[in-house]
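Written below as structure tokens is the structure these notes are about.
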Amino acid sequence: MQIAFAVKDLDETLRFWTEVMKVGPFVVIDNSVAGRRVVYRGEETGMDSSLAFSYVGDVQIEIVHQTNDEPSPFKDFLDSGREGLQHIAFWPADFEGACSQLEQLGFREILSMYTDDGARNVVYYEAPPHVGVMVEIVPWTASRQAYFSRIQNLTRNWDGTRPVRRFASREEFLATGEGTE
């Protein structure tokens, strides 16, 4: 469903994807955590990031740019001297079932995000070495489907204008009506 890249310089990365790779437009959400509780390696963290989303066909491209120095898998990845492909993501209808199955296969949960009501709604796993990257599992909800569908709609008819569309939050993006045409 998604390939995700952790980067140090979001603007430089977006220029590469839009100008060189001709992928776009990218929808940037500056406050991606949006008040959710984040637990990394068993400890709460104040990690926050800007996320940029676009599509190549049916595959979502996500660019992750951590905006603070709080502990996270993205900070660890960048601090190790790497930059680029950091995780792949899947959006199963049976979120908890998919998480359970990965755990039974030896994948180790390292980061979870929780909604205001305490529900876990994002999980990152360290994968066995032959996978090579982390795996993210996110429930495929109606609201997430609507949100991502609008971003994908923007990419289908992109004429090269407005390659980056920046919003403070998902709610701000959704309020614009972009991607409903």
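Leaving out ligands, DNA and RNA, and with a 1.4 Å probe, what % of the accessible surface on segment 94-168 is carbon or sulfur? Exposed carbon and sulfur together represent 50 percent of the surface. Given the alternatives (1) 17.5; (2) 16.2; (3) 16.8, Kirkwood radius over Cα pairs in Å as computed for this entry is given by (3). Remark: relative contact order (segment 76-181) = 24 percent; criterion is Cα-Cα distance under 8 angstrom and separation of 6 or more residues.
Which shape class, rounded, prolate or oblate, goes with segment 42-139 when its Cα gyration tensor gives a ≥ b ≥ c as root eigenvalues, a/c under 1.5 marks rounded, and past that a/b bigger than b/c marks prolate? Rounded, since a/c falls under 1.5. With all protein chains kept in place, the per residue accessible area of the chain amounts to 50 square angstrom at a probe of 1.4 angstrom. Ranking R37, R108, R120 by solvent-accessible area of protein heavy atoms (1.4 Å probe, all protein chains present), from largest to smallest, gives R108, R37, R120. Simple rule: put +1 on each Lys or Arg Cβ and -1 on each Asp or Glu Cβ in the chain, find the dipole, and look at I29, V122, S72; the Cα lying farthest toward the positive end is I29. For the chain, the longest principal axis of the C-alpha atoms and the axis of helix 95-104 are separated by about 50°. For the chain, a Gaussian network of Cα nodes joined below 10 Å ranks P71, P128, P139 by mean-square fluctuation, and the top entry is P128. Within the listed set V133, V64, V123, the residue fluctuating most in the Gaussian network model of the chain (springs between alpha-carbon atoms under 10 angstrom) is V133. What is the sum of charges, Lys and Arg at +1 and Asp and Glu at -1, for the other residues whose Cβ falls under 14 Å from the Cβ of R37? Cβ neighbours under 14 Å give a net charge of -4.
Relative to the dominant Cα principal axis of the chain, helix 142-156 is inclined by about 40°. Between E83 and M21, full extension at 0.36 nm per residue minus the direct alpha carbon distance yields a gain of 20.6 nm. The calculated FRET efficiency for the pair E172 and V133, based on their C-beta separation and a Förster distance of 25 Å, comes to about 0.25. Remark: segment 22-32, residue by residue, has Karplus-estimated 3J(HN,Hα) of 6, 9, x, x, 9, 9, 9, 10, 6, 10, 6 Hz, where x stands for each Gly or Pro and the curve is 6.51 cos²θ - 1.76 cosθ + 1.60 at θ = phi - 60°. Centre-to-centre separation between the Cα atoms of segment 102-181 and those of segment 24-69: 8 Å.
Determine the calculated [θ] at 222 nm for the chain from helices alone, applying -39500 (n - 2.57) to every DSSP H run no shorter than 4 residues and normalising by the residue count; nearest 500 deg cm²/dmol. The helix contribution divided over the chain gives -7000 deg cm²/dmol. Derived scalar couplings between HN and Hα for segment 40-47 equal 10, 6, x, 10, 5, 9, x, 3 Hz in order, rounded to whole Hz, by the Karplus curve 6.51 cos²θ - 1.76 cosθ + 1.60 (θ = phi - 60°), x for Gly and Pro. Have a look at V39, G132, P163 and report the one farthest towards the positive end of the charge dipole of the chain, computed about the Cα centre with Cβ charges (Lys/Arg +1, Asp/Glu -1). Of the listed residues, the answer is P163.
Suppose a student asked you for the relative contact order of the chain, using Cα pairs under 8 Å spaced at least 6 residues apart; what percent would you report? Once divided by the residue count of the chain, the mean separation gives 28 percent.
The values are calculated or read from the model by the stated rules, or taken from the named source; none is laboratory data. Source: prediction; values computed, not measured. Cβ coordinates were reconstructed from backbone atoms using ideal geometry, including for glycine residues, and neighbour counts include every protein chain displayed. Quick note on the areas: whole protein, heavy atoms, side chains included, nothing else; ligands and nucleic acids left out. Shrake-Rupley method; radii C 1.70, N 1.55, O 1.52, S 1.80 Å.
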